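Just dropping this structure here.
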Amino acid sequence: MNKLKQIITKLWIISVFILAACSSDDSVSIPIGTEGFFIVNEGGFGNGNTSLSFYDRETKTVANNIFASVNGALGDQAQSMTIFNNVGYIVVQNSDKIEVINVDTYESLGTIDSDLPSPRYFLGYSATKGYVSDWGTDGVTGTVKVIDLSTNTVTKTIATGQGANELLLLNDKLYVANSGGFGRDNTISVINTTTDEVESTITVSDNPNSLVADADGNIWIGTRGHTAFDPNTFAVIESESTPPAILKIDAAGTVLLNLPYQAVGFSSTIKKVDLNQAGDKLYYLYASQIYELSTSATTLPSTAFSDKFYYGLSVDPIDGSVLAFEAPNFSSDGNMDIYDASGDLQSSFVVGIGPNGAIFK
Amino acid sequence: MMLRAAGLCLLFLWHTELVCQEIKSVSLDEVTIYGSRISEGEVGVMSTTIDSLVLSQSQGENFAELIRKIGAGQIRSYGVSGLSTPAFRGTNGSQTSFLWNGITLNSSLNGSSDISQIPITGNEQIKIQKGGASSLYGSGAIGGTIQIDSRPSFQDNTRIQMTGEFGSFGRRLHQLHFGTSTMRKSFSMTLYNRVMENDYPYLNSYRRPARIETRNNARYYQQGITTDIDFRMGSNQVIGAKFWGQKNEYQVPNSILASSNASANQQDESLRGLVHWNYAGKSHAIVIKEAFVYNSLLFTDPSARIDSRTTFGAWTSRIESTWDMSKGVSLLLGLNHLFEYAGEENFGENAPERNTTSLFGSFKFRPAEKTSMALNVRQERPDGSWAPIAPSFGIEHQLSSLIGLSGNISRNYRIPTFNDLYWKGAGGFGNPLLLPESAWGGELSVHLLAKEQSVFQIQVTGYSQSVDNWILWRPVSAEGWSPDNVKKVWTRGGELDVLFEKKNGGVNIVTNSSYRFTRTTNEEISSENFIREKGKQLSYTPIHEFVQSLKVEFEKFAFLTRYNLVGKQFSEGENKDVFALPSYGIWDVSVEYRQRDKKNRTKIHLKADNILNTNYENRRGYPMYGRNYSLGVSIEIQSKQQ
């Protein structure tokens, strides 16, 4: 019996030792107050591992999970971030909220978390007013919410088309790309920023989701296209589907250029458009590849900017670098590839899970 | 002495042929006439039989809570009433077979069983077997099996048991059990309903500032009926039928990381039926079973405009025959046919069906007085293809009166589910070319048993299993998710169980310590996209788990306390601490008062679970109960003296 007790005691000590021998955490050094840009990482949907990264221009390094390091978990599926008046607004779609942060210290300044059922993009208008596009709980009831930035509360809801997505302020008017959300739409809503009401609706191609204004004051729009499919077989019904397109419209809504792709289907989509710093060269993500297009072009480019497949795209407004974001899966980290304007890969960095774009300070 | 050994086996965390042979001799007659003998092939295999006090106090809880409390395995859980699947030894829910009287209740669609929906009625026998056992139980028994059985009594008696339990957060259980039996026939029926409002407070630390919130949209309602009827014909035959019908209506709460405005709810109906004929001659026994399971699930979410019905079912036909050749030597041969189908709701015109025929055999022998061995093999043929042939070999050897050794090696497998193969719907599509998961594994245990005035038992187990062709759903393109045989996963670990029992006068003290170390890592990744997950621990699998319990019985009182410690769990593929669930400890306390006279028994228990009010989650965003209490009363009236 005594021997047994000895054995028990020894086993006990071993087990306690094993329990105590946990691995230590890697600490993250955060570049406080330096110049650079933020990266929004969507994370795996439903897994609560969306995150914010920061690229430091001086040291050319990326710090990941900067929001969590300072404030705690960011939430589920951050879709976008906007910097306005030196304040960061991180739109966390599946957490139905906007996290407001100090862009130098990353400290939370507040949370806007009521009346935002499925927010997508934020646009700051004045010291007291901002706009947020929202898909609605069902993914089709698109709205733009007016936010009082002094109280961080929603003061008005403006009905738009389905899946209100990217926002653009041009000539004091707010242009809303109605991306369809989980439904289908083919319009841009134009909101009068004085009355905060929709004053006109511009018809474009199916499911416009991204828009930018070029140096000439025209608007470039990327449309996703529409894929009709048999719900039983998942087979694409080509006759009822429409292809994605790049469109150029003027501020009044006249379509100046409509460049549709030929192919339809789930992978033949345009996800994002962006412009270089001069506003004369468009970059966009078609079928997960990057393409570039001069704002004076009249036909679509035939070759991609890079062979690789990407999930997100941004153009650096300072040096014109093309930032391409790779999401190899949604359970481990993604990458950021930095290309110069001629398409040569300059450097690569590990970022968070599901990176979708950069936001510049 | 015999009774002592029987009591011991119930408490004990493992069950080996040699240690527990005495209990078998007690009820040999019943065992040989009634029921399958497949489990006799579990030589050198770890299994846990649940302590009767734990079982009695678990009435009104579900299997997820029970397994958490006894520390037998891990529960992957979306909160208190959310989807909860059992996982043993670093595997997952679809690699765990849930068997009701030998019939699998795992979903034909996703392969797992939601054990939060399965209540503990207190009238069933529950066994938890760990490690691969596909040679005995077929597809899916890679990590382990949970077996629930009901047996007739064939004693001249009639009894009624009424149970009520009331607890925190609107938890109410009502249960009525009626049984009547003679030497020739046995009938029993249990009716139950469980209600949980689940409006419990939790600390939402995902919000800034962290705040106490109350869970909403989490109400749960369940009602069910089980019946068993058996007839004994002559001295060596039993014929009988079992039925289990259940209906659940519950709200599905959101992740607290997401919106608090949830509106989803689900209605499930499940029907299970079984008829069986048992024959037991002097040295030959036959069991024939016909069983069906049917499930209908309706998920609705008004705010997201989702209205989705799912139905699936299965029909099992089985015959098994056992020949006893000499003491400790027997041969079992069996043939099983399983027909599975799924409704058209999710698969359209191509609603899947599958016919799987299996042949299995088990040869048990005793080459020496203190050595028992079993050689088992099973071959399944799903729809004209071949599943991996699954042999296993187990051995138990008693080195001395103090020390025993046991071990086994086995091949185990899981054939892909209907969703894996044929799913077509929003966000994904199945892969008809999937191969079965295939695993080779083994374990070795040393156990020490010392009995004097007190009892010491120690068991140390090491195991290792490599699962090839692990099926994983992943995003493959903009078209959505699809499964593939992408991974090779190596699970290995150690388990230490220590039991001490002391009887002193009228006081009985039992302490039980159990520690589990689990490493389960991605060893090979077929796609470069997953390179960062190579060598990493699978998500939601704690490396360290520990349970310490203490039971004190004194006259009419029984006191039970338990501390569970669950180590850190990673929630994503790269094992980052920033997204990990922190380790947590849960302390439960209960006291039971038992009054029994010749015909009547009354039990009253008072439970306080998680008395330290620990905030914890088993999945990010799904908080569990904090401190909670319950009071249970059970009254049993019998026609005959016991």
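Can you name the residue in region B:341-364 that is part of a strand (DSSP E or B) and touching a Phe, Trp or Tyr at 6+ places or on another chain (Cβ under 7 Å) and, of all such residues, is farthest from the other protein chains (Cβ to nearest Cβ)?
So the first thing to find is which residues in region B:341-364 are part of a strand (DSSP E or B), and the list is B:341-342, B:353-364.
Adding the requirement that they be touching a Phe, Trp or Tyr at 6+ places or on another chain (Cβ under 7 Å) leaves B:341-342, B:353, B:355.
Working: B:341: 17, B:342: 13, B:353: 16, B:355: 23 Å.
Going through the qualifying residues, I end up with B:355.
Among the listed residues B:591, B:552, identify the single one that is in contact with a His (Cβ under 9 Å, 6 or more places away or on another chain), aliphatic (A, V, I, L, M) and more than 12 Å from chain A (Cβ to nearest Cβ). I'd like the intermediate steps shown before the answer.
Details: B:552 fails: in contact with a His (Cβ under 9 Å, 6 or more places away or on another chain).
Exactly one residue qualifies, and that residue is B:591.
Could you please find all residues in region A:334-361 being of a type in the set (Gly, Ala, Ser) and open to solvent by less than 40 Å² (accessible area, probe 1.4 Å)?
First, pick out the residues of region A:334-361 that are of a type in the set (Gly, Ala, Ser): A:334, A:341-343, A:347-348, A:352, A:354, A:357-358.
Residues satisfying the conditions are A:334, A:343, A:347, A:352, A:354, A:357, A:358.
For region A:196-250, which positions are hydroxyl-bearing (Ser, Thr, Tyr) and over 25 Å from the mean Cα position of the chain (by Cα)?
Pass one, region A:196-250, residues hydroxyl-bearing (Ser, Thr, Tyr): A:200-201, A:203, A:205, A:210, A:223, A:227, A:233, A:239, A:241-242.
Within region A:196-250, A:200, A:233, A:239, A:241 meet the criteria.
Can you tell me which residue among B:206, B:221 is among the aromatic types (Phe, Trp, Tyr) and either out of contact with any strand residue (DSSP E or B) (no Cβ under 7 Å at 6 or more places or on another chain) or at pLDDT below 95 (or both)?
B:206
I'd like to verify a number: residues in region B:554-581 that are open to solvent by 40 Å² or more (accessible area, probe 1.4 Å), in contact with a Gly (Cβ under 9 Å, 6 or more places away or on another chain) and among the charged types (D, E, K, R), how many?
Taking region B:554-581 and keeping what is open to solvent by 40 Å² or more (accessible area, probe 1.4 Å), we get B:554-557, B:559, B:563, B:565, B:568, B:576-578.
Subsequent filtering for residues that are in contact with a Gly (Cβ under 9 Å, 6 or more places away or on another chain) retains B:554-555, B:563, B:565.
In the following step, the residues that additionally are among the charged types (D, E, K, R) were identified as B:555.
Residues meeting the conditions: 1.
Related question: Count, please, the residues in region A:182-201 that happen to be over 16 Å from residue A:129 (Cα atoms) and open to solvent by less than 10 Å² (accessible area, probe 1.4 Å). Let's see the steps before the verdict.
Quick first cut of region A:182-201, residues over 16 Å from residue A:129 (Cα atoms) only: A:182-190, A:198-201.
If we keep only those that are open to solvent by less than 10 Å² (accessible area, probe 1.4 Å) too, we end up with A:188-190.
Looking only at that region, the number is 3.
Could you tell me whether region B:519-538 includes any residue that is buried (at least 16 other Cβ atoms within 10 Å of the Cβ), under 21 Å from residue B:48 (Cα atoms) and of a type in the set (Phe, Trp, Tyr)?
no
Mind listing whichever residues of region A:48-64 are without any contact (Cβ under 8 Å) to a residue 60 or more places away in the chain and within 11 Å of chain B (Cβ to nearest Cβ)?
The one that is without any contact (Cβ under 8 Å) to a residue 60 or more places away in the chain and within 11 Å of chain B (Cβ to nearest Cβ): A:48.
Can I ask one more? How many of the residues making up region B:582-616 are over 17 Å from residue B:548 (Cβ atoms) and either of a type in the set (S, T, N, Q) or crowded, with 20+ Cβ neighbours inside 10 Å (or both)?
Residues meeting the conditions: 9.
Quick check, is residue B:330 over 30 Å from residue B:233 (Cβ atoms), open to solvent by less than 60 Å² (accessible area, probe 1.4 Å) and not acidic (Asp, Glu)? Give the derivation first.
Details: over 30 Å from residue B:233 (Cβ atoms): no; open to solvent by less than 60 Å² (accessible area, probe 1.4 Å): yes; not acidic (Asp, Glu): yes.
Answer is no for this residue.
Check region A:110-123 and report whether any residue there is surrounded by fewer than 24 Cβ atoms within 10 Å (Cβ to Cβ), in a strand (DSSP E or B) and modelled with pLDDT under 95.
yes
Residue by residue through region B:580-600, note down the ones that are of a type outside the set (D, E, K, R) and modelled with pLDDT under 90.
If we filter region B:580-600 for residues that are of a type outside the set (D, E, K, R), which is where we start, we get B:580-587, B:589-591, B:593, B:595, B:600.
Answer for region B:580-600, where residues must be of a type outside the set (D, E, K, R) and modelled with pLDDT under 90: there is none.
Let me ask something additional. Return yes or no: is residue B:444 open to solvent by 50 Å² or more (accessible area, probe 1.4 Å), among the aliphatic types (A, V, I, L, M) and touching a residue at least 40 places away in the same chain (Cβ under 8 Å)? Talk me through it step by step, then tell me what you get.
Numbers: open to solvent by 50 Å² or more (accessible area, probe 1.4 Å): yes; among the aliphatic types (A, V, I, L, M): yes; touching a residue at least 40 places away in the same chain (Cβ under 8 Å): no.
Taking the combined requirement at face value, the residue does not satisfy it.
Looking only at residues that are aromatic (Phe, Trp, Tyr) and in a strand (DSSP E or B) in region A:65-95, which one is farthest from the other protein chains (Cβ to nearest Cβ)?
In the first step, residues of region A:65-95 are kept if they are aromatic (Phe, Trp, Tyr); the result is A:67, A:84, A:89.
The next check asks that each one be in a strand (DSSP E or B); those that pass are A:84, A:89.
Details: A:84: 20, A:89: 14 Å.
Checking each candidate, the answer is A:84.
Restricted to region A:264-298, and to residues that are farther than 24 Å from residue A:357 by Cβ and exposed (fewer than 15 other Cβ atoms within 10 Å of the Cβ), which residue is nearest to the other protein chains (Cβ to nearest Cβ)?
Across region A:264-298, the extreme among qualifying residues is A:298.
Take the residues in region B:488-507 that are open to solvent by 20 Å² or more (accessible area, probe 1.4 Å) and farther than 20 Å from residue B:463 by Cα; name whichever of them is nearest to the other protein chains (Cβ to nearest Cβ).
Filtering first and then ranking leaves B:500.
Taking region B:98-109 on its own, how many of its residues are open to solvent by less than 20 Å² (accessible area, probe 1.4 Å) and assigned to a loop (DSSP other than H, G, I, E, B)?
4
Further, regarding this structure: Could you check how many residues of region A:139-165 are touching a residue at least 12 places away in the same chain (Cβ under 8 Å), open to solvent by 20 Å² or more (accessible area, probe 1.4 Å) and not in a strand (DSSP E or B)?
Total satisfying the criteria: 7.
Within the bounds of region B:202-211, is there any residue that is under 26 Å from residue B:271 (Cα atoms), under 30 Å from the mean Cα position of the chain (by Cα) and of a type outside the set (Lys, Arg)? Steps first, answer last, please.
As a first pass, look at region B:202-211 and keep what is under 26 Å from residue B:271 (Cα atoms): none.
Within region B:202-211 (the criterion being under 26 Å from residue B:271 (Cα atoms), under 30 Å from the mean Cα position of the chain (by Cα) and of a type outside the set (Lys, Arg)), the answer is no, since none of the residues qualifies.
In region B:557-574, is there at least one residue being more than 26 Å from the chain's Cα centre (by Cα) and within 14 Å of another protein chain (Cβ to nearest Cβ)? Even if it seems obvious, please write down each step before you answer.
Start the filter on region B:557-574 by keeping residues that are more than 26 Å from the chain's Cα centre (by Cα), which leaves B:557, B:573-574.
Filter once more, keeping what is within 14 Å of another protein chain (Cβ to nearest Cβ): B:573-574.
The answer is yes, given that some residue of region B:557-574 is more than 26 Å from the chain's Cα centre (by Cα) and within 14 Å of another protein chain (Cβ to nearest Cβ).
Mind checking which residues of region A:124-138 are open to solvent by 30 Å² or more (accessible area, probe 1.4 Å) and within 15 Å of residue A:92 (Cα to Cα)?
Across region A:124-138, the qualifying residue is only A:137.
Do you know which of the residues in region B:250-308 that are of a type in the set (Val, Ile, Thr) and in a strand (DSSP E or B) is nearest to the other protein chains (Cβ to nearest Cβ)?
Of the residues in region B:250-308, the ones of a type in the set (Val, Ile, Thr) are B:252, B:256, B:275, B:286-288, B:293, B:300, B:306.
From what is left, the residues that are in a strand (DSSP E or B) are B:252, B:275, B:286-288, B:293, B:300, B:306.
Numbers: B:252: 13, B:275: 36, B:286: 45, B:287: 41, B:288: 39, B:293: 25, B:300: 13, B:306: 9 Å.
Only one residue tops the list, namely B:306.
Mind listing whichever residues of region B:470-517 are modelled with pLDDT of 90 or more and either touching a Pro at 6+ places or on another chain (Cβ under 7 Å) or among the charged types (D, E, K, R) (or both)?
B:471, B:488, B:492, B:495, B:497, B:501, B:502, B:503, B:516
Another question about this same structure. Go through region B:365-411 and report how many residues are outside any strand (DSSP E or B) and either among the small types (Gly, Ala, Ser) or closer than 18 Å to residue B:465 by Cβ (or both).
If we filter region B:365-411 for residues that are outside any strand (DSSP E or B), which is where we start, we get B:369-370, B:383-389, B:399-402.
Keeping just the survivors that are either among the small types (Gly, Ala, Ser) or closer than 18 Å to residue B:465 by Cβ (or both) gives B:384-385, B:387-389, B:400-401.
Number of matching residues: 7.
Quick grid of which residues meet (1) outside any helix (DSSP H, G or I); (2) of a type in the set (Val, Ile, Thr); (3) surrounded by fewer than 24 Cβ atoms within 10 Å (Cβ to Cβ):
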| site | (1), (2), (3) |
| --- | --- |
| B:111 | yes, no, no |
| B:123 | yes, no, yes |
| B:139 | yes, no, no |
| B:148 | yes, yes, yes |
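Which count do you get for residues in region B:537-549 that are free of Cβ contacts under 8 Å to residues at least 40 places away in the same chain and either within 10 Å of chain A (Cβ to nearest Cβ) or out of contact with any Phe, Trp or Tyr (no Cβ under 8 Å at 6 or more places or on another chain) (or both)?
Residues meeting the conditions: 3.
Of all residues in region A:96-110 being touching a Gly at 6+ places or on another chain (Cβ under 7 Å) and within 14 Å of chain B (Cβ to nearest Cβ), which is nearest to residue A:135 (Cα to Cα)?
A:97
If you don't mind, there's one more thing I want to ask. Exactly one of these conditions fails for residue B:324: (1) touching a Ser or Thr at 6+ places or on another chain (Cβ under 9 Å); (2) open to solvent by less than 30 Å² (accessible area, probe 1.4 Å). Give me its number.
(2)
The values are calculated or read from the model by the stated rules, or taken from the named source; none is laboratory data. This is a predicted model, so every value here is computed, not measured. Glycine also receives a Cβ, built like all others from the backbone with ideal geometry; neighbour counts cover every protein chain displayed. Areas reflect the complete protein model, heavy atoms only, side chains present, ligands, DNA and RNA absent. Shrake-Rupley method; radii C 1.70, N 1.55, O 1.52, S 1.80 Å.
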